Amino acid sequence: MSSPALECVNVSKTYILGRDIEVKALRNVSLRVDKGDFVSIIGPSGSGKSTLLHIAGTLDRPTSGRVLIDGVDVTELSESKLTAFRKNKIGFVFQFFNLITNLSAIENVMLPMLLSRRYTLREARLKALYLLRLVGFPEDRLRNTPNRLSGGQQQKVAIARALANNPTYILADEPTGNLDVSSSAEIIATLKLLNSFGNTIIIVTHNIELARVTNKILFMRDGCIYEEAPRSFLEHMPMDESTLDAKRKIQLEMLKLERENIERLFKNRLISSEAYEKALKSIEEKELKVKQ
């Protein structure tokens, strides 16, 4: 049995705000997110959602408890190791997009790949193009900087960027919170599609319509987490079959590129045989999901 994508074991977080003033943001939270899950975390303001998101994203450390990502205990990693781990294992999608303003849409998606040093310039550009096509980004906007894109278009770039380095999971913080109704519907459909292709997605949201399409809803209140039984999708994918088939072909082309990339890295002795076998297995599993 493979390790879960994310596991929090008795995680607590206490903030010291002043002399004799403590805020218990999380209280012995235990959480398991399996690979391929689509999970939403909902709850009122002050319930601990943001704190849990920061800890799941390795942006904060728990006061007590353990955090394991893809089987690796990250609780006490040094800051430098944690930064490198975060770059390759977690894809972030933020409410306000957080794109680099002086880079074009395609350059924003290429950047994480180039910083990882795992992709050549050609590979990064081609994969970025595949990812942007996959999320439905208009190709006549590829060279546009963020200030020349709509909110929905910027969020599509952010989602494509989050997928760039094949993260263990995507962590999305209110991904529809700054969008109009139409753009929100598009982003929800895109996230559903990506999950159906095998991507693990964790969302913190107030949007009940977004939460309803995930296969597991977690409720937070007063720093504690409560699970609802896993549920199936309540809506069909709002795409016609020809559009969905085109998306499948894009995903398969991208996985072909990933296979070529991994084979190049292994041939040049840039990754271990263990990493090579693990990557190939992941690619094969995703190919099977796409073809289903």
Once the principal axes of the Cα atoms of the stretch 102-222 are found, what is the range along each, listed largest first in whole angstroms? 45, 29, 26
Computed Kirkwood radius, in angstrom, where 1/r is averaged over Cα pairs of the stretch 145-277: 17.1
Treating the beta-carbon of each Lys and Arg as +1 and of each Asp and Glu as -1, no other charges, what is the dipole magnitude of the stretch 140-292 about its Cα centre, to the nearest 20 debye? 540
Rounded to 0.05, the calculated FRET efficiency for the beta carbons of GLU253 and SER30 at R₀ = 41 Å is 0.55
Hey, what D do you get for the chain in µm²/s if you plug the Kirkwood alpha-carbon radius into Stokes-Einstein at 4 °C and 1.567 mPa s? 66
Give me the extension gain from ASP20 to LEU59: residue separation times 0.36 nm, minus the current Cα-Cα distance, reported in nm with one decimal. 11.5 nm
Could you derive backbone 3J(HN,Hα) for the stretch 65-80 from the dihedral phi with the Karplus parameters 6.51, -1.76 and 1.60 (θ = phi - 60°), listing whole Hz in sequence and x where the residue is Gly or Pro? x, 10, 10, 10, 10, 6, x, 9, 6, 9, 4, 10, 5, 5, 4, 5
For the pair SER182 and LYS281, what calculated FRET efficiency results from E = 1/(1 + (r/R0)^6), where r is the Cβ-Cβ distance and R0 = 41 Å, to the nearest 0.05? 0.60
Solvent-accessible area, 1.4 Å probe, carbon plus sulfur percent, for the chain: 52
Where only protein heavy atoms count, and the probe is 1.4 Å, what is the accessible area per residue for the chain in Å²? 49
Which longest uninterrupted range of the chain lacks any chymotrypsin sites (Phe, Trp or Tyr not before Pro) assigned by DSSP to a loop state (not H, G, I, E or B) and surrounded by at most 16 other Cβ atoms within 10 Å? 97-232
Just the C-alpha atoms of the stretch 80-138: what Rg/Rh do they give, with Rh taken as the Kirkwood radius? 0.97
Scan the chain and report its longest stretch carrying no trypsin sites (Lys or Arg not before Pro) that are both in a DSSP loop and have at most 16 other Cβ atoms within 10 Å. 20-116
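The values are calculated or read from the model by the stated rules, or taken from the named source; none is laboratory data. A quick note: this is a predicted structure, and the numbers were derived from the prediction, not measured. Every residue, glycine among them, receives a Cβ derived from its backbone with ideal geometry; neighbour counts consider all protein chains shown. Surface areas here come from the heavy atoms of the whole protein model, side chains and all, with no ligands, DNA or RNA. Shrake-Rupley method; radii C 1.70, N 1.55, O 1.52, S 1.80 Å.
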